[in-house]
Structures are given as structure tokens and as C-alpha cells.
Amino acid sequence: MKKIATYLGIAIACIIGIVIALHLAWYFQKSKPLNIYILDKTVTQTDRIEHKSLVWLLNHLRIVGPDGKSYNYKSDYWGFFPIDLNQQLFDIKSIRLNEVDAYAAVYDAAYYADCYGVYSYEWYKTETKAPNTSKVYGGLNQNDYFLLKRMKELNKLIIGEYNMFSSPTNALIRTKTEELFNVSWTGWAGKYCPNLGEINNGKGAAEWMVKLYEKQHQKPWPSKGSGIILISNDGLIDVLEEGSDLLNPIVKLIAEPTMPQWQNNPKETEFYGWFDIIMAGIGSEAHATFKLETTPAGEEKLKSFGLTNQFPAVVKGYSDKFCYYFAGDFAENSVSIATSKLKGGKTLNSILHLNSPRNAFFNNFYLPLISNILDIYASREQ
């Protein structure tokens, strides 16, 4: 028994020693200061899943704030701050109109991770209801837009992500923001659903979607197999079903030849999150494309809505600006924040999240995408 305890103690000491060594190897890498304005209005839980993996990446790359400290995913962002779910306590951190110019001058970059917001049924109730309850906070507003506009004028890096255009963002702000990023939103969004028959499982179909579909189509919700759920900002809903509409229900994300510094990364990966269906404006560059593997029937269904089975996923809006739009919820990935401050933390994080379907996307697409953009941006003055 003593021997077992001794061996166990040695093993634990070795593990602790390795972790300390990996942390020191990470710590002694040169830090890179970058003051980033992170906006996340959709924080219904304390884990901040909509921007947590972005902060993981910043920490892992040794990007620090103006105070020289690593970014903290719980506090270093703007938007909605849940305090106590039981007592419905929260805080909101936002900028005023007269502060826009000052913040645009202070910040080096802006990343809008999620602008949808928080509704009362998501915030303090556990049951799932149709999304017609009162808005607590959310939607892209004029101050959010003005900050991006001013930072773009100052030739600073701006990145927008899925859910900037849909309700509750109003039509005027949406149009101006589309012009800002040089993209056009079709009004449609979609998501892969692994099992259409499992309702309210957090992986696709919700009860309100089923009711809306059955009301519009006058037939039962497709309860077997997988598919892609399509929802329009006008309240229309449809489903591309595996077999009849889709040869393969999983959305493919393909890096285009215009994607910079991509030679050593996979050209194609699978994407499991929500996505916008957008069009790139004249003069913009599509660095990556979403592809739906449709049957002829599926193509006809998309065509009836004015859609195609391929559309931009990453758009650089203007050749002379550091302006990017990500047409998917790219920053929503499962990560263990402690692994971000370890040399080789990417591998350890992957092991801890092997069961996450977005693991490959995070490693093979999101991480190199953000790294490349930040590298190119950092070299602008060198």
C-alpha cells in the first residue's frame, strides 16, 4: 500500500511539474499588446460561450491588453453581464454616443461576437418557449454601428460575426452595417440538426420551430433523420432533409484561394453552428465559402427562396481596410480556459473536448483564421 501511495505521489508530482513547465514555456514567449473591444450581447449563462474561445485564442497567442495582462473572458468584454439567474440580476456595459470617438481612438480592434441579445424566457426560465417574450437587451444599435464606422475610418481592425443583422436589430442599422462590411444579407439563417426528431435538445430544433413549421406547411414536422433548418427574418421556416433534399446534411466550410497564409491548413472542414446566408459586395473578397450538398430537389427548394447551395462564410469587405465579416457563429466553441496558458495547450484542449463536434473546426479553421488576421494586422506598420 505504501508503494502504491509513493508511486501515485511521484506521478502527481510529475504531472504538476509538466504543467508548470508548459506554463513557463508559454509565459516566456513575447507578449503582444492589442487593445480589443469585444462585444457580446448574448450571455444567458455564466460561461460566456459566445466569446470564450476567442479569449482562449488571444491568451494562447500571448496577446495582452493595454495593462499587460491576459484577457479575462468573464470581464474583458462589453454587453450583457449575468449576475444572479435566480433573482434576475444583471448588468449592461455599453458606450454612449459622445464616447464613440474616444473609444475608437483608444481601441486597436473590435470584435462583435454576438449581437442578438437576451430575452426573458432565456434569462430566468428553464422551459423553452416561442421567441415572443420581452427583450431584456440586444440588437445592434446606432452606437455599436458608429464605433465600427469610426474604427474603420481610422483603418483599425473590425470583425463582425453571425447575428448582427437579424431581429432585434432594426432595418436602418442593418442596412448601414451591411454597407460597412460590404455584404448583403438575404434575410435567411440556418443550422445543421443531427436529429430532427429530438426537440429542445439544444442542437437544432426547438419547440417553437416545430409549431411554426407545422402552421406554415400544414403538415407534421419531419421527425426522422438529420437536416438543415432554414429560418428567415420574416418568420418563414423550412427544412432541408437528408435524402430528399441533401446528399450530406453536414455543412462544409471551404477555404478559398484568396485566403491568406492558408497553405498549411486544411482546405475543407465541417461546420455545425448557425450561419447567415449572405452575398459579398462588389470589391470584397470571399476568403471562405459555405457549401450545402443538395439534391436537385434541395436546389429547387433553395431556389424558391432566392438562395443557392454555396454562399460566403468569411468576407474581407474592402481590399484597403481591415474589415471582416464571419457569416457563422465562429466564436462559439467548447474550450477549457486553463489550457490557453500552456505551451501545447491546443493539443490538451482538443483531448479534453474530443466529443465536441466543433473541435476540428476550432483547431483547423477558427484558430488559424484569427491568427492569420491578427498577424497581417500587426505587420501593417512594420
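Structural remarks
- Per-residue ³J(HN,Hα) for the range 31-46, Karplus 6.51 cos²θ - 1.76 cosθ + 1.60, θ = phi - 60°, Hz, x for Gly and Pro: 7, 10, x, 7, 8, 10, 8, 9, 10, 9, 9, 10, 10, 8, 10, 7
- Solvent-free Debye scattering, log10 I(q)/I(0), computed from the Cα coordinates of the chain at q = 0.13 Å⁻¹: -1.14
- Whole-number accessible area per residue in Å² for the chain, which is evaluated in the context of all protein chains at 1.4 Å: 48 Å²
- Leading residue at positive end of dipole, the range 158-238 (Cβ point charges), from 162, 186, 231: 231
- Rounded to 5, the percent of DSSP beta bridges in the chain classed as antiparallel: 70 percent
- Accessible carbon and sulfur surface of the chain relative to its total accessible area, %, 1.4 Å: 54 percent
- Screening the chain for whole DSSP H helices of 18 Å or more along their axis (Cα) with average Kyte-Doolittle hydropathy at least -1.0 returns 2-27.
The values are calculated or read from the model by the stated rules, or taken from the named source; none is laboratory data. Here the structure is a predicted model, which is why all the values come from computation and not from measurement. So basically every Cβ, Gly included, is an ideal-geometry build from the backbone, and we count neighbours across all protein chains shown. Remember, those area values only see protein heavy atoms, side chains included, never the ligands or the DNA or RNA. Shrake-Rupley method; radii C 1.70, N 1.55, O 1.52, S 1.80 Å.
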